[in-house]
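The values are calculated or read from the model by the stated rules, or taken from the named source; none is laboratory data. None of the values given here were measured: they were computed from a predicted structure. Cβ sites come from the backbone with ideal geometry, for glycine too, and all protein chains shown count toward neighbours. These accessible areas exclude ligands, DNA and RNA; they are computed on the full protein's heavy atoms, side chains included. Shrake-Rupley method; radii C 1.70, N 1.55, O 1.52, S 1.80 Å.
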Amino acid sequence: MPSHTPKQAAALSGFSLDTLRYYERIGLLPRIGRSATGRRVFSEVDLKWLELLRCLRDTGMPVAEMLQFVRLMNDGAATVTERAEILTAHHQRVEDQISRLQGHLKQIRSKIDIYRDGKPWSYNQSAS
């Protein structure tokens, strides 16, 4: 199975080396394998896990919640329902955020249209 150096894992995951070390130290990453010389080596499975952590982090899941999810995963199949509940709640938060952002995007698009039509409004203008 291919293995990757920490530097390669950082580049592939988008995390810094410091973040990888931190995630390993706090338990977000499983025990990372070691080479014959004692250097850390990341497997394809480790990279897949980093991909999930990247997704969760980029969508705003707090580290504490990611840790809770990992603890439940480590507890085995009996926690599948609880893990699904965590992801379902996070999914709803992301959906809500997307909805808010779409509203903001609509407002920005509207402002761009006003400027393109040559009728910009200034805050300092008095309302008539």
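Can you say whether Arg83 is surrounded by 13 or more Cβ atoms within 10 Å (Cβ to Cβ), of a type in the set (Lys, Arg) and modelled with pLDDT under 95, as far as the supplied structure shows? No, not satisfied. Residues of the stretch 62-80 that are surrounded by 11 or more Cβ atoms within 10 Å (Cβ to Cβ) and either assigned to a loop (DSSP other than H, G, I, E, B) or not charged (D, E, K, R) (or both): Pro62, Val63, Met66, Leu67, Gln68, Phe69, Val70, Leu72, Met73, Asp75, Thr79, Val80.
So that you can scan it fast, the table gives a plain yes or no per residue for (1) touching a residue at least 24 places away in the same chain (Cβ under 8 Å); (2) exposed (fewer than 11 other Cβ atoms within 10 Å of the Cβ); (3) closer than 30 Å to Ile98 by Cα; (4) aliphatic (A, V, I, L, M):
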| site | (1), (2), (3), (4) |
| --- | --- |
| Tyr22 | no, no, yes, no |
| Pro30 | no, no, no, no |
| Gly33 | yes, no, no, no |
| Ala36 | no, yes, no, yes |
| Phe42 | yes, no, no, no |
| Trp49 | no, no, yes, no |
| Leu52 | no, no, yes, yes |
| Gly60 | yes, no, yes, no |
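Tell me whether the stretch 47-60 contains one or more residues that are in a loop (DSSP other than H, G, I, E, B) and within 20 Å of Gly14 (Cα to Cα). Looking for residues that are in a loop (DSSP other than H, G, I, E, B) and within 20 Å of Gly14 (Cα to Cα), one finds at least one in the stretch 47-60, hence yes. Checked against the criterion of being out of contact with any Lys or Arg (no Cβ under 8 Å at 6 or more places or on another chain) and more than 26 Å from Arg83 (Cα to Cα), the stretch 19-29 has no qualifying residue. Only one of the numbered conditions (1) modelled with pLDDT of 95 or more; (2) farther than 30 Å from Ser13 by Cβ is not met by Arg116, and that is (1).
Among residues that are part of a helix (DSSP H, G or I), open to solvent by less than 90 Å² (accessible area, probe 1.4 Å), without any contact (Cβ under 8 Å) to a residue 60 or more places away in the chain and of a type in the set (Lys, Arg), Lys106 is not included. In the stretch 1-30, the residue that is modelled with the lowest pLDDT out of those that are more than 22 Å from Met61 (Cα to Cα) and either assigned to a loop (DSSP other than H, G, I, E, B) or in contact with a Cys (Cβ under 8 Å, 6 or more places away or on another chain) (or both) is Met1.
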